[in-house]
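The block underneath contains the structure these notes are about, expressed in C-alpha cells.
The values are calculated or read from the model by the stated rules, or taken from the named source; none is laboratory data. Just so it is clear, the structure is predicted and the values come from calculations on it, not from any experiment. No Cβ is skipped: glycine too gets one built from the backbone with ideal geometry, and neighbour counts run over all protein chains shown.
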Amino acid sequence: MAEYLIKNGFIFDPVLGIKGDVADVAIKDGKIVETTALSSPKVIDATGKTVMAGGVDVHAHVAGPKVNIGRNFRPEDKLFNCTPGHGIERMQGGFSVPTTIRTGYNYAHMGYTTVMEAAMPPLYARHTHEEMRDTPILDQGAYPVFGNNWFVLEYLKNHEIENTAAYIAWLLRATKGYAVKVVNPGGTEAWGWGLNCDNVHDPVPYFDITPAQIIKGLIEANEYLGLPHSMHMHANNLGNPGNYTTTLDSFKLSEGIKPNSKFGRDQVMHHTHVQFHSYGGDSWANVESRAKDIMGYVNSHDNITIDMGQVTLDETTTMTADGPFEHHLTELNHLKWANADVELETGSGVVPYLYSPNIKVCGIQWCIGLELALLAKDPMRIFLTTDHPNAGPFIRYPRIMKWLMSQEARDQQFDAFKYKDKVIEATNLAGMDRELNLYEIAQMTRAGPAKSLGLSHMYGGLAPGLDGDVAVYDFNPNEPYAPDDIEKAFSNAKHLFKSGVQVISDHEIANNGNKRTLWVNAKANENPQVMRDIKEKFLRYYTVTLNNYEGSGHYLRNPHVIEVDATQ
Amino acid sequence: MTKTVTDVICPFCGTLCDDLEVVVSDDGKQLLEVYNACAIGAEKFLHSQAKDRITRPRMRQEDGTWKEITYDEAVEYTANMLADAKKPLMYGWSSTNCEAQAVGAEIGEAVGAVMDNTATVCHGTSLIAVQDIGIPSCTLGEVKNRADRVLFWGCNPAHAHPRHMSRYSIFPRGFFTGKGHTGRKVIVVDPRPTDTASLADIHLQIEQGHDYELFDALRVAFKGEKLPDVVAGIPKEKIYEVAETLKSGRFAIIFFGMGVTQSIGKNHNIDAAIAVTRDLNEYTKAAIMPMRGHYNVTGSGQVWGWQFGFPFAVDLSRGFARYNPGETTSNDLLRRDEVDAVFVLGSDPGAHFPFNSVKKIYDLPSVVIDPHETPTSEVCKVHVPVAFVGVEIGGCAYRMDNVPIETRKVVDAPEGMMTDEEFLTRVLARVKELKGV
C-alpha cells in the first residue's frame, strides 16, 4: 500500500492532545505510523491547512427500510438535484434522503469516514446491509432496535438479565448488528394498537412492563455482555412540550451502573438527539428550552454521553422507529405519512417536515440544540449530529460547526427569524458568548464518538496504530476568517484518507475506498431456554422461518467483526 | 437416496412463502417433489425440470427460425445493442434477485437506459399514490398477530396469492388472534363473486369502476355524515355497517390489488384507499398493503430506490435519474417510438402489454432473458435462457410487505447455463469496454 506523509498541517487531535500545532502525519499500510516508519512516502503538503482524523458519526439514518421509504415516497426530494456520474462517481440524487451513493460521497466530502446507521429493524437487516454495501467509502455498522422487542419485553418483565443478554448476543449475530438501540421503549409496541407510552412509568399494553424496566434492564444486559458501545437510547415522549422531565427520568435509570467494557468507553447510556428531548412548557404556545436542566444533569454524570440532534432549518424527511410520534407529526403538519410496523420487533414512521425560520417553534428547536453543545463541560461526551435526516440533513454539519464556533453566525441566524424576540425569550442561546474551537469540534466529531462507540482503538485520532483515516481541510485557523469560511472549508475536504487509501484528492473523489461493515460477535453462555423461546416464537408468530431469518455473510462484502467474550 | 431441502422460498408471487420443502435427487441435479407450496408455486419448481427446456441462447434468423448461439455471442449482441442504442428500454426485473437488479441498474446507468419494472402495469399507480399521501403499512406478521378486520379490495388472493389467506390474513392464529379466522371479520369489495368473496363475512359487490366513490363514502360514513341512498351500487346501510365494522376493530388491514389500481381512477383510487386507512387511525389501528404480484417486483423498487431514488419508470438517458410516470413508463415510451432497443429480464411483456406495444418490441432490436419460452421470447431477436432464481440459484427477494428474504438454490441448473447475475455481469463488463468507461 502507498505511504503518505501529510506535512506541516495544523493538527487538531484530542487523542494526542494536539491543539493546532504544526506537525506531520504519516500513513502506512492502512494505519497511522510514526513519521520515521516511512521509506518513500507520497508527500501531501498541508501547509496552512487543518488536519484532523476522519469524522465519526454516531447516529444517522442512512440505510435500511425506512430510509428507502423516504427516498421512494419523496420524488420531490430529488427535484433539480440529480447529478450524472463522472470519473469514478456514479449517478447521485436526493437532498434530505440521498441515494446510498451520494451518502457515501457527501460524508467523504465533509471528511467523515465512519457512519453508524442508527436503527435497523432486525427483520429488515438484509435490506440495511444491502444499502450499506452500496454506500461507498464509509465504514458502517447498524444498531438493531430492541426496546419494543417481544423477547426483551417478556424477559425484562421478570428482570431476567442473563436471558436478555443471551438474546441480544443471538440477535446481534443473526442481524450482523453493532449495538443495542432503544427507541421509545414500549411505546412502539403500544403503537401496534394505536397507543403510546408517554413516560417511563406508563405500562406497555398487554406486556405489563414499564419503559423504565426496559431501559434499566437493557443497560444491565448491555453491561453484562460488555459490548463495545453502550445502550443507545431514544427516550419516550420525543418532541413534546414538557418532555424534559421524561428525559431526566430516563437518564436517572443509568445511575449506579458502571461500564463493564474492555473497549474504553466510560458511559452506560448514550442518549441520542437530545434536542428533541429538552422541551419545557406544556403546549406549543409556551414551549421553552430546558437545555440547562438537561446539561446540568449530563455535566455532573459521567456515565452518560449524548448527541445533539441539531435542527438545521431545512426542508427534510423525518423518520424514526418511534411510530406513534410520526403519526403525531402528520396530524400536526398534515403532510404524507408512511408507517411500517414490524412483527414482534418494532415499527417506524416517515413524514416530511419543514423547519422554517418563520416558525417560532423551529427557532426554539434550533437554539436548544446549540445550547446543549455550548453548555457542555466535556465535549468528549456530546457529539455533533442532526439525527440525519430528522432535524436536518447531515450535509449541514459544517454549518453547525460554524454556529458553534461563531457568535456572529448565531446572531445572523437570530436576525433571520421571523419571531426573533419570542425565540430569544423562550431560550438561553442569545446570552451565550461561548465559541467552540477546532479542538473541541474534533472532540465532538472524532475522538468523542469513537470512544463512545468503543472504537477508540481504530478511529477518532491521529495516534500511531489507529486507522489511516485523515482529513485535510482548506482552513487556516491562524488567519482571520469569516464564519462562512468555516462552513465552506469543512463541507469540502481537500484530501481524505480512509484506511490509508486516498479517497479524495484535491476535493475530487479519487477512490471508492474499501468500505467495511462492523458488527459485534458477542459470545454468551449457552442458554437453552432462550434458544427454545426463539424457536417457539418463530414457529408460532413470525412469518419467516428461523432458518430464513439469519442473514448470510455475502451481504457484507468486507466485514469487520468485533469479538466480545461474555462467557464466564 | 433423496434429500429434502427445508425452508425453501417460493419464487412465484409476492407472498414469498418460505416454508416449502423440496425433495431432490442425491446428486442434487433433479428436483423430485415439492411440499407445502400452492399449485402455482409447485409448478414453478417442477417446470424447471422440463425435458424440453431451452438451455442455450438463441438468435432469430431472417426466416423467423431460431439458431442456437453461445452465451459469448449473446453477451456480445446484448452489449452492442445496449451500447449502440440512444435510449434503450430495460424492462422487467421482477422475477429475479436483487443482486441481478443491482448489476442491471449499473448497466442502465452506463448505457443511459430507461429502467422500468412490472409495477408499470400493476402497482405503479399505488407507488404514485404513496408519493401523494404516504402509506400506513406493516409487515404481514402484524396482520397475523393482531388483525381482526381484514378487507380485500379489488384482489382475489384465493387465485392470485393462494397461501396468503392461510399464512397471513384470514386463517392463521397469531399472538393476539388465538381464535384464527373466527376472531376476524372479513370484508371483500369486488364486482365479481370471487372465491375470496365466498369467504367473506361481508361482500360488497361494487359497480365496476366506482371504487373511488365507495372509498369516499366510507370516509363520510366514519364521520357519521349523510350518504345518498346508494353509492357505487351499494346501499348506504351496508356502507354504514362496513364503516362501523372497521372502526370497531382493534386492528384493521386493507389489502388491494389490480382491480382497483388499474381500473378507472387508478392512482386516485389508491389515494382514497390510503385516506380511508389514515382516517381509521383516528379511531383504531389500521394499515394498508398492496398485493404485489411477482415475487421480487418489490425488490426492484427497493434497489432502484437506494441507487436512484425512484421505485419504477427511472429514465437514466440524460445521464442522471429522472422520473415522470406517463412519460418515462414503458408503454408510453414504446407507443411514442421513444426507445430504440428493448431489453427484457424477469417479466413477460409479450403476454401483458397492449398489443401495439408488443408490436413495437417486435420491430426493435430486442433481447429477452428468461428461463421460459414466453410470448415475449416469440417477439424478441435474441432469447437468453438462464437458471431459475430461487430454484437453481439463490439471492435476495422482497416480499409484498418489503421484508427481504434470501431465496435458496435447491438444484443445479442444467450444465453450462448462466444465471441472471452472471450474464448481466458479463454484459456490464462488455458495455464498459464498448463505452470506454
Spans of strands (runs of 3 or more DSSP E) in region B:1-107 with at least 2 residues assigned by TED's automatic domain parsing to the domain that holds B:ASP337 and without any contact (Cβ under 8 Å) to a residue 24 or more places away in the chain:
B:66-68
So A:VAL204 passes all but one of these: (1) within 21 Å of the chain's Cα centre (by Cα); (2) hydrophobic (A, V, I, L, M, F, W, C); (3) assigned to a loop (DSSP other than H, G, I, E, B). Which condition number does it fail?
(1)
Is it the case, given these coordinates, that B:GLU237 is in a helix (DSSP H, G or I) and in the same structural domain as B:ARG146 (by TED's automatic domain parsing)?
yes
Please pick out the residue among B:GLY134, B:GLY183, B:GLY174 that is more than 24 Å from the chain's Cα centre (by Cα), within 14 Å of chain A (Cβ to nearest Cβ) and of a type outside the set (D, E, K, R).
B:GLY174
Tell me whether region B:277-286 contains one or more residues that are crowded, with 20+ Cβ neighbours inside 10 Å, under 30 Å from B:ALA232 (Cα atoms), touching an Asp or Glu at 6+ places or on another chain (Cβ under 7 Å) and outside the structural domain of B:TYR398 (by TED's automatic domain parsing).
no
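Whether any residue in region A:532-552 is away from chain B (no Cβ under 14 Å) and in a helix (DSSP H, G or I) is what I want to check.
Looking through region A:532-552, at least one residue is away from chain B (no Cβ under 14 Å) and in a helix (DSSP H, G or I).
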Restricting attention to region B:246-271, which residues are out of contact with any Lys or Arg (no Cβ under 6 Å at 6 or more places or on another chain), within 14 Å of chain A (Cβ to nearest Cβ) and part of a helix (DSSP H, G or I)?
B:LYS247, B:ASN267, B:ILE270, B:ASP271
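Quick one: which of B:ARG318, B:ARG408 is within 20 Å of the chain's Cα centre (by Cα), within 14 Å of chain A (Cβ to nearest Cβ) and basic (Lys, Arg)?
Sole residue among the options that is within 20 Å of the chain's Cα centre (by Cα), within 14 Å of chain A (Cβ to nearest Cβ) and basic (Lys, Arg): B:ARG408.
State all residues of region A:337-387 that are within 14 Å of chain B (Cβ to nearest Cβ) and not in a loop (DSSP other than H, G, I, E, B); if no residue qualifies, say none.
The answer is A:ALA338, A:ASN339, A:ALA340, A:ASP341, A:VAL342, A:THR346, A:GLY349, A:VAL350, A:VAL351, A:PRO352, A:TYR353.
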Only one of B:GLY92, B:GLY104, B:GLY64 is over 26 Å from B:TYR212 (Cα atoms), more than 10 Å from every other protein chain (Cβ to nearest Cβ) and at pLDDT below 95, namely B:GLY64
Members of region B:319-331 found to be of a type outside the set (Gly, Ala, Ser) and under 10 Å from B:GLU109 (Cα atoms), listed by number:
B:PHE320
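Conditions (1) under 26 Å from B:ALA85 (Cβ atoms); (2) in contact with a Pro (Cβ under 6 Å, 6 or more places away or on another chain), marked per residue:
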{"position": "B:ALA113", "(1), (2)": "yes, yes"}
{"position": "B:ASP116", "(1), (2)": "yes, no"}
{"position": "B:VAL121", "(1), (2)": "yes, no"}
{"position": "B:ALA129", "(1), (2)": "no, no"}
{"position": "B:ASP132", "(1), (2)": "no, no"}
{"position": "B:GLY141", "(1), (2)": "no, no"}
{"position": "B:ALA147", "(1), (2)": "no, no"}
{"position": "B:PHE152", "(1), (2)": "no, no"}
Sort through A:GLY177, A:GLY147, A:GLY186, A:GLY87 and tell me the only one that's on the phi > 0 side of the Ramachandran plot, buried (at least 24 other Cβ atoms within 10 Å of the Cβ) and not aromatic (Phe, Trp, Tyr).
A:GLY186
Of all residues being surrounded by fewer than 24 Cβ atoms within 10 Å (Cβ to Cβ) and among the hydrophobic types (A, V, I, L, M, F, W, C) in region A:321-336, which is farthest from A:ASN68 (Cα to Cα)? Just the residue, please.
A:LEU332
Of all residues being of a type in the set (Val, Ile, Thr) and away from every other protein chain (no Cβ under 14 Å) in region B:1-34, which is surrounded by the most Cβ atoms within 10 Å (Cβ to Cβ)? Just the residue, please.
B:VAL34
Please count how many residues of region B:204-220 are touching a helix residue (DSSP H, G or I) at 6+ places or on another chain (Cβ under 6 Å) and either part of a loop (DSSP other than H, G, I, E, B) or buried (at least 19 other Cβ atoms within 10 Å of the Cβ) (or both).
6
Give region A:314-336 a look and list any residue that's within 8 Å of chain B (Cβ to nearest Cβ) and touching a helix residue (DSSP H, G or I) at 6+ places or on another chain (Cβ under 6 Å), or say none.
A:LYS336
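Does B:GLY416 qualify as being surrounded by fewer than 22 Cβ atoms within 10 Å (Cβ to Cβ), within 14 Å of chain A (Cβ to nearest Cβ) and not in a helix (DSSP H, G or I)? First the steps, then the outcome.
On the way: surrounded by fewer than 22 Cβ atoms within 10 Å (Cβ to Cβ): yes; within 14 Å of chain A (Cβ to nearest Cβ): no; not in a helix (DSSP H, G or I): yes.
Answer is no for this residue.
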Would you check if A:LYS66 is modelled with pLDDT of 95 or more, out of contact with any Pro (no Cβ under 9 Å at 6 or more places or on another chain) and among the basic types (Lys, Arg)?
no
Going residue by residue through region B:21-44, is there one that turns out to be touching a Phe, Trp or Tyr at 6+ places or on another chain (Cβ under 6 Å), of a type in the set (D, E, K, R) and more than 29 Å from B:PRO311 (Cβ to Cβ)?
yes
Kindly indicate the residue of region B:255-267 that is among the aliphatic types (A, V, I, L, M) and out of contact with any helix residue (DSSP H, G or I) (no Cβ under 6 Å at 6 or more places or on another chain) and also nearest to B:VAL220 (Cα to Cα) among those meeting that condition.
B:ILE264
Could you tell me how many of the residues in region A:470-514 are in contact (Cβ under 8 Å) with a residue 40 or more places away in the chain and either of a type in the set (Ser, Thr, Tyr) or assigned to a strand (DSSP E or B) (or both)?
16
Anything in region B:272-287 that is in a loop (DSSP other than H, G, I, E, B) and of a type outside the set (S, T, N, Q)? List them, or say none.
B:GLU282, B:TYR283
Take A:GLU223 and decide whether it is acidic (Asp, Glu) and within 22 Å of the chain's Cα centre (by Cα).
yes
